[in-house]
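Structure, as structure tokens:
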Amino acid sequence: MTDGKWTETDVPSQAGRTAVITGANTGIGFEAARALAAHGASVVLAVRNLDKGKDAASRISAAAPGADVTVQRLDLTSLNSVRDAAQELRANHDKIDLLINNAGVMNTPKSVTADGFELQFGTNHLGHFALTGLLLDRMMAVAGSRVVTVSSSAHRIRAQIHFDDLQWERGYSRIGAYGQSKLANLMFTYEMQRRLEGKTSTIAVAAHPGGSNTELARNSPAPLRAVSWLFGRFIGQSPAMGALPTLRAATDPGVLGGQYYGPGGIQELRGYPKLVQSSAQSHNAELQRRLWAVSEELTGVTFPV
């Protein structure tokens, strides 16, 4: 690392480590998977579309000959799929060193998951909550293991946890629902770290990609898609740069549990990754505990901590 510019070359050897990455067939998830595989990790691409996952695995293998890349079907909009994927991952891997909760949807029209959850909250938070809970015991015995959850600057935008209407049944805001899900990602990380501390060396860390030019805005209304396109073209950064905060959170030996990494440039929109701060609301311990309890109740998944 030179002049505070942490880059992909700063990723230490990942030989012997197993990394599971959700949504790894495109965008920052793909770039994180590619970088980890290039540094020796055995990488599992946990994706909804197996064909796209296999294509991503082929591209990674072409870029990093000899890379160990496999594909696991995972649909975060279905708790049955999450349980099936966790069962297969547990059968195939005695240990998991790294779980990157990266997959997500943004600004979708009002719709629900297979289990009746609002789509953004159900996918971005509850699906990852359940997956993590079902895999965590495979991680807690592994020295230096990490759970990295990808949030967003949107956790500050019209964001609160609507405990009286978590599924937005009394009205719907695409932006508000997305903000709620990204705020939930951070609260989940901080509460999990509090529960892990003193019991294991496993840590929970969060990251955000800033303004990265990915497919995430594809579900937004046309005016927002146009703004996103212009932003990505003139202000945002590449998916490879957007993946750096995730990679740093996942691999930098100096990272501590409960930290949050994002781009170091203006307004955290672009730049090399650094330690950043999340909103005061995200650090509200009472709300974190309440969200955790509700998430256990909704998913039926309890954690080994």
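Within the stretch 22-45, the set of residues being closer than 17 Å to GLY144 by Cα and among the β-branched types (Val, Ile, Thr) comprises just one member, VAL43. Here SER81 clears all of (1) surrounded by fewer than 21 Cβ atoms within 10 Å (Cβ to Cβ); (2) within 18 Å of the chain's Cα centre (by Cα); (3) closer than 21 Å to ALA293 by Cβ except the condition numbered (3).
Any idea which of (1) at pLDDT 95 or above; (2) closer than 30 Å to LEU269 by Cβ is the one ILE157 doesn't satisfy? With respect to (1) at pLDDT 95 or above; (2) closer than 30 Å to LEU269 by Cβ, ILE157 is out only on (1).
Applying the criterion of being part of a helix (DSSP H, G or I) and in contact with a Phe, Trp or Tyr (Cβ under 7 Å, 6 or more places away or on another chain) to the residues of the stretch 90-145, the residue that is surrounded by the fewest Cβ atoms within 10 Å (Cβ to Cβ) is GLY133. Being touching a strand residue (DSSP E or B) at 6+ places or on another chain (Cβ under 6 Å) and among the polar types (S, T, N, Q) is the requirement here; does SER238 meet it? No; evaluated as a whole, the condition is false for this residue.
Look at the stretch 239-256: where a residue is farther than 17 Å from GLY144 by Cβ and a partner is in a helix (DSSP H, G or I) and among the aliphatic types (A, V, I, L, M), sitting 6+ places away or on another chain with Cβ atoms under 8 Å, you get PRO239/ILE28; GLY242/ILE28; ALA243/ILE28; ALA243/ALA32; ALA243/ALA35. Helices (runs of 4 or more DSSP H) fully within the stretch 214-274 that include at least 2 residues being among the β-branched types (Val, Ile, Thr) and modelled with pLDDT of 90 or more: 244-251. The combined condition, being assigned to a helix (DSSP H, G or I), under 24 Å from VAL82 (Cα atoms) and either in contact (Cβ under 8 Å) with a residue 12 or more places away in the chain or of a type in the set (A, V, I, L, M) (or both), is not fulfilled by ALA62.
Residues that are charged (D, E, K, R), out of contact with any helix residue (DSSP H, G or I) (no Cβ under 7 Å at 6 or more places or on another chain) and under 22 Å from GLY104 (Cα atoms) within the stretch 170-205 comprise just one, ARG174.
Just wondering, is there one or more residues in the stretch 88-102 that are closer than 22 Å to PRO263 by Cβ and not polar (S, T, N, Q)? There is at least one residue in the stretch 88-102 that is closer than 22 Å to PRO263 by Cβ and not polar (S, T, N, Q). For the structure I just gave you, tell me whether ASP3 is acidic (Asp, Glu) and either within 18 Å of the chain's Cα centre (by Cα) or modelled with pLDDT under 95 (or both). So ASP3 fits the description; yes.
Would you confirm whether or not the stretch 121-144 contains a residue that is in contact (Cβ under 8 Å) with a residue 24 or more places away in the chain, over 20 Å from VAL43 (Cβ atoms) and among the polar types (S, T, N, Q)? For the stretch 121-144, residues in contact (Cβ under 8 Å) with a residue 24 or more places away in the chain, over 20 Å from VAL43 (Cβ atoms) and among the polar types (S, T, N, Q): present.
The residues of the stretch 72-104 that are among the basic types (Lys, Arg) and within 20 Å of GLY300 (Cα to Cα), listed by number, are ARG83, ARG90.
Conditions tested, residue by residue: (1) in contact (Cβ under 8 Å) with a residue 12 or more places away in the chain; (2) touching a Gly at 6+ places or on another chain (Cβ under 7 Å); (3) surrounded by fewer than 24 Cβ atoms within 10 Å (Cβ to Cβ); (4) in a strand (DSSP E or B).
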site: GLN14; (1), (2), (3), (4): yes, yes, yes, no
site: ALA19; (1), (2), (3), (4): yes, no, no, yes
site: ALA24; (1), (2), (3), (4): yes, no, no, no
site: ILE28; (1), (2), (3), (4): yes, yes, no, no
site: GLY40; (1), (2), (3), (4): yes, no, yes, no
site: ASP55; (1), (2), (3), (4): yes, no, yes, no
site: SER58; (1), (2), (3), (4): no, no, yes, no
site: LEU76; (1), (2), (3), (4): yes, yes, no, no
site: ALA86; (1), (2), (3), (4): yes, no, yes, no
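Condition first: in contact with a strand residue (DSSP E or B) (Cβ under 8 Å, 6 or more places away or on another chain), assigned to a loop (DSSP other than H, G, I, E, B) and among the aliphatic types (A, V, I, L, M). Now tell me which residues in the stretch 146-176 satisfy that. Correct list: LEU166 only. The residue pairs whose first member lies in the stretch 292-305 and is within 24 Å of ALA141 (Cβ to Cβ), whose second member is of a type in the set (Ser, Thr, Tyr) and part of a loop (DSSP other than H, G, I, E, B), and whose beta carbons are closer than 9 Å, counting only pairs six or more residues apart or on different chains, are GLU296/THR302; VAL305/THR200; VAL305/THR202.
The values are calculated or read from the model by the stated rules, or taken from the named source; none is laboratory data. This structure is a prediction, so every number in the text was calculated from the model and none was measured. FYI the Cβ positions are ideal-geometry reconstructions off the backbone, even for glycines, and counts take in every protein chain you see.
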